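The values are calculated or read from the model by the stated rules, or taken from the named source; none is laboratory data. Computed from a predicted model, the values in this text were never measured in an experiment. Don't worry about glycine lacking a Cβ; one is built from the backbone with ideal geometry, like all the others, and counts go over all protein chains shown. The accessibility values were calculated without ligands, DNA or RNA, using every heavy atom of the protein model including side chains. Shrake-Rupley method; radii C 1.70, N 1.55, O 1.52, S 1.80 Å.
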Amino acid sequence: MRRKPVVLITGASGEMGHGLIERLSERGGSLDILALDIRELSPELKARCAHTLVGATLDQFLLGRLVSEFESHAVFHLAALLSTRSEFTPETAHQVNVGGTLNLLKLAVEQSRWHGQRVKFMFPSTIAIYGIPDLATKQRAGRVNEDQFLTPATMYGANKLYCEHLGRYYSRHYRQLAVEKERAGIDFRSIRFPGLISAFTVPSGGTSDYAPEMIHAAAQDQPYACFVREDARIPFMAMPDGIDALLRLMDAAPEALTRVVYNIGAFNPSAGEIAELTRKAFPGAMISFQPDLKRQGIVDSWPADVDDSAARRDWGWKPAHDLGTTFHEYLVPNIRQRYARA
Ligand code: AKB
């Protein structure tokens, strides 16, 4: 009896999961989608998946059942507690973000043993792995490359940085003292995502959430008190570009890749610039700035911009949306439609 060959997506019901399932289901391909999340998927998302499971990546029994029924050939491990939420429960965040990732890496390497092919393991890392000590240094640093300021100031950033190293270990050094080398093993590939802005989902638990929160509030004529200063500046990207980047990196030929972990960038507006564009798109938007100094401190530790030349060179990364088209072609029309229907 052959198990069903699938691409496994954890955190499937999350912001990135929504976009990825839509794109993967449209793309088709030989692998069915197996979606795993602690929450039930929406009916629309479920309709795009061949199989859905409700459960946690920490549930060893569930993962064991998954292995008995499905043959995973690729994994998108999206399940995570984001930066702000992780600060309220740092130990739980460690268990979910690191323990969950370890479980999935172990599952992937076992799967590759069963079917004898390398399992592509796609891992979303984050700009939160960077830790810049102060604003003067942030200003001087400008576009930060992948090998700078690797001193995260949050549990989430520490978790993600460690998981990058875990992925590299499983990909290149796993069981290196065993008599028999892993025949197939896993092919771990990771992107350090900037703040992602979606027109179709509202963020939860991130510190870069002020951008999407502001825009979605304005579209609903709700007042929004922004928790960072007007001059706060970090890199952002339209969600569709983030999904495209994941798929493009997955499709890249192994020999083209000079790194396991890549930066990608698109635009890096200040919070004030985002507010200005939001007021233009939604006249009368009630936006105020009431910085939460603690959350502001996290944003100040993240780079103002990233150097993504390695991704552009190795696998042809190029964002489809700049700040203007993100607002005028992606966010505003879709968000207007979303709330008009509501
Ligand atoms: C967060 O704010 O925690 C995330 C991220 C930048 O990784 N959106």
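Any chance you could give the angle, 0 to 90 degrees and rounded to 10, that helix 210-219 forms with the longest Cα principal axis of the chain?
Helix 210-219 sits roughly 60 degrees off the main axis of the chain.
From the protein chains alone at 1.4 Å, what is the descending order of accessible area for K138, K181, largest first?
On the way: K138 15, K181 165 Å².
I get K181, K138, largest accessible area first.
Can you give the accessible area of S125, probe radius 1.4 Å, in Å² rounded to 10?
0 Å²
About the Cα centre of the chain, what is the dipole size in debye to 20, counting +1 per Lys and Arg Cβ and -1 per Asp and Glu Cβ, all else neutral?
The calculation lands at about 760 debye.
Mind telling me which of A108, A238, A56 comes out most flexible in a GNM of the chain, alpha-carbon contacts under 10 Å?
In this elastic network of the chain, the residue with the biggest mean-square fluctuation among A108, A238, A56 is A56.
So who's got an amide H within less than 5 Å of the one on R192, skipping anything under 5 residues away but keeping other chains? H placed 1.01 Å off N, in plane.
S125, Y262, N263, I264
Using 0.36 nm per residue, how much length does the chain from E180 to A47 gain when fully extended, once their Cα-Cα distance is taken away?
43.6 nm
Ignoring ligands, DNA and RNA, how do T325, T258, T101 rank by accessible area with a 1.4 Å probe, largest first?
Values: T325 35, T258 90, T101 0 Å².
From most exposed to least exposed: T258, T325, T101.
Please count, across the chain, the pairs of lysine residues with Cα atoms under 29 Å apart that sit 8 or more places apart or on different chains.
20
Specify, per residue and in Å³, the volume enclosed by the convex hull of the alpha carbon atoms belonging to the range 130-217.
Spread over its residues, the Cα hull of the range 130-217 gives 146 Å³ apiece.
May I ask you to rank L247, L277 by accessible area, largest first, using a 1.4 Å probe over the protein chains only?
Accessible-area ranking of L247, L277, largest first: L277, L247.
Tell me, in nm to one decimal, what length is gained between E26 and T92 on full extension, where the rule is 0.36 nm per residue of separation less the Cα-Cα distance?
Full extension from E26 to T92 adds 20.2 nm.
Can you tell me the relative contact order of the range 1-95? Whole percent, Cα pairs under 8 Å, sequence separation 6 or more. Kindly include the intermediate steps, with their values, before the conclusion.
On the way: 143 pairs, mean separation 35.3, N = 95.
Normalised by residue count, the contact order of the range 1-95 is 37 percent.
Calculate how many DSSP beta bridges within the chain are antiparallel, expressed in % of all such bridges and rounded to the nearest 5.
The answer is about 5 percent antiparallel.
For the range 125-229, with the dipole built from +1 on Lys and Arg beta-carbon atoms and -1 on Asp and Glu ones, taken about the Cα centre, which of H165, P212, V228 lies farthest toward the positive end?
Positive-most Cα among the choices belongs to H165.
Quick one: net charge around K120, please, counting Lys, Arg +1 and Asp, Glu -1 for every other residue with C-beta under 12 Å from its C-beta.
Charge balance near K120 sits at 0.
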